Amino acid sequence: MTSGIYKIENAITGAIYIGSSRNIDNRWKYHVWELRANRHHSTYLQNSWNTHGGDAFKFSIIETCVPDKLAVTEQWYIDTLHPQYNMSVVVGAPAPPTNRAIERVCIETGESTVFRTRDEAAASGTFNEGSITACCLGHMRKHKGYYWKFSDGSSPDFHSKERISAVSRIDCDGYVVLFDSISLAAAGTEEASVSGISACCAGSLFTHAGYRWSYTDPSRTTDSSGSRVYRNVFGRQSGTAGLKRAVHRISMATGDMVEYESIASVTADGFSPSHVSRCCSGHANTHDGYVWKYANVGVSTEQMTSIKSLRGHRSNRVVRRIDRNTGAEKLYDRVSAVASDGFSLGNVIMCCNGKRGFHKGYFWEYADEPIEHGVKKRGFRVRGVCIETGDERFYETAAASAIDGFNPGRVSSCCLGRRKTHRGFRWERV
């Protein structure tokens, strides 16, 4: 961080600007930012920058000095070099007020008042000189309930940086609400943000705040099926027919079928709309033990045959539940009975088929078709030998050693050779 006096020089005209700063590097970056944004405090330097371009200016450090002597040193260079771009020839003094007449217009009443200078306009109330200038230059729309502009009509129109793009908000039931801009959509939707809506419209997100969003044209279009759709600025169509289509839920255990009017309505029975949508679109096979299909698509003959075979094969089979820690067992007379204890039918079937290890802390298997690896996972008998006394302790499983204050995980590590001892005992399988 360099403290001192710097110079900005126009290589074409030779005109200079003198300044001082405690951090010259950051100050130069700020000058460049202001000039590129056409909002530099020195109108002389700004006009020259706009005329000759940024490549015509050179930045250099004249002298480095301690912060306490910046004002004195800068004033000496201003008096000596007579810089053409400095608004004031006295360090610390405000820039001279503009002599251009300014008109003030009340937003509520439309009353117009003309002031000879900016200072006179600011002194007419608790107004800010910089804000008045910004309004006159078209950088601000209004200031404290008034419009401000040069009385000669040279003030440019204010151009908001707000993105004015009509957007459509589509909920899970397919209802569409139109907004004139993204900011209005964010203000009118709970938990919605401008960035999130923009990301959805650009295709970076699928949903935001529970809705789908799309840029829209003022006029609606109709697709070949007659559905009302909207065409966004990227040319793709955003329809809502898929969200309103009825879906069928088919039980893998019994083959019973239940119809829902839309994907969103499955939440009433505790199902996930996103998982149901994946099943209907073919990206997933089942969800929570059920096959899901759009009502107008139906289930193919092969799928129905598979469901019927699964129903006959699984529905009447006895299922065994085995506790992973204690090895305690419980039998269910049919697969669907596990739902009464809060278990997922689909996850239980996957465990019984060997496609899943366990579910909610239990191993699952068909009673007439035990899974060998499931038995191994129930645990093994362990023996602990005290290093000092040689006393032995036996436990049916490593988890059972927790009764005497041992850590089952460390007991298992000793049995697997990953640890030597645990709490003064050597452990091994028996």
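How would you rank Thr113, Thr189, going from fewest to most other Cβ atoms within 10 Å of each one's own Cβ?
Details: Thr113 12, Thr189 19.
Lowest count first: Thr113, Thr189.
In the stretch 381-430, which chymotrypsin sites (Phe, Trp or Tyr not before Pro) fall in coil by DSSP and have 12 or fewer other Cβ atoms within 10 Å?
Hits after loop and neighbour filter: nothing returned.
Net charge near Asp368, counting Lys/Arg +1 and Asp/Glu -1 over other residues with Cβ under 10 Å of its Cβ?
Net charge around Asp368: 0.
Find the relative contact order for the stretch 1-107 and round it to a whole percent, using C-alpha pairs within less than 8 Å whose residues are 6+ positions apart.
35
Which GluC sites (Glu not before Pro) in the stretch 375-430 pass both tests, a DSSP loop state and at most 10 other beta-carbon atoms within 10 Å? Don't jump to the answer; show the numbers that get you there.
Values: sites: Glu388, Glu392, Glu396, Glu428; in loops: Glu388, Glu396.
Passing both the DSSP loop test and the Cβ count: Glu388.
Return the distance in nm (one decimal) between the two label points of a simple spin-label model at Arg27 and Ser413, each offset 7 Å from Cα along Cα→Cβ.
Once both label points are built, they end up 6.1 nm from each other.
I'd like the distance between the alpha-carbon centres of the stretch 1-44 and the stretch 110-125, rounded to an integer number of Å.
A separation of 31 Å, based on Cα centres.
What nm distance separates the two modelled labels at Ala246 and Ala101, each placed 7 Å from Cα along Cα→Cβ?
With each label point 7 Å from Cα toward Cβ, the separation is 7.5 nm.
Would you tally the net charge around His31, using a Cβ to Cβ cut-off of less than 14 Å, leaving His31 out, and scoring K and R as +1, D and E as -1?
Summing Lys/Arg as +1 and Asp/Glu as -1 gives +3.
Using a Förster distance of 41 angstrom, determine the FRET efficiency expected from the C-beta separation of Asp341 and Glu388, and round it to 0.05. Before the final figure, lay out each step's value.
Working: r = 46 Å, r/R0 = 1.13.
According to the calculation, E is roughly 0.30.
Run the simple label-point estimate for Val90 and Ser272 please: 7 Å along Cα→C-beta, distance reported in nm.
7.2
Here, each number is a calculation from the coordinates, and none is a lab measurement. Here the structure is a predicted model, which means the values were calculated and not measured. All Cβ positions, even for glycine, are placed from backbone atoms using ideal geometry, and neighbour counts span all protein chains on display.
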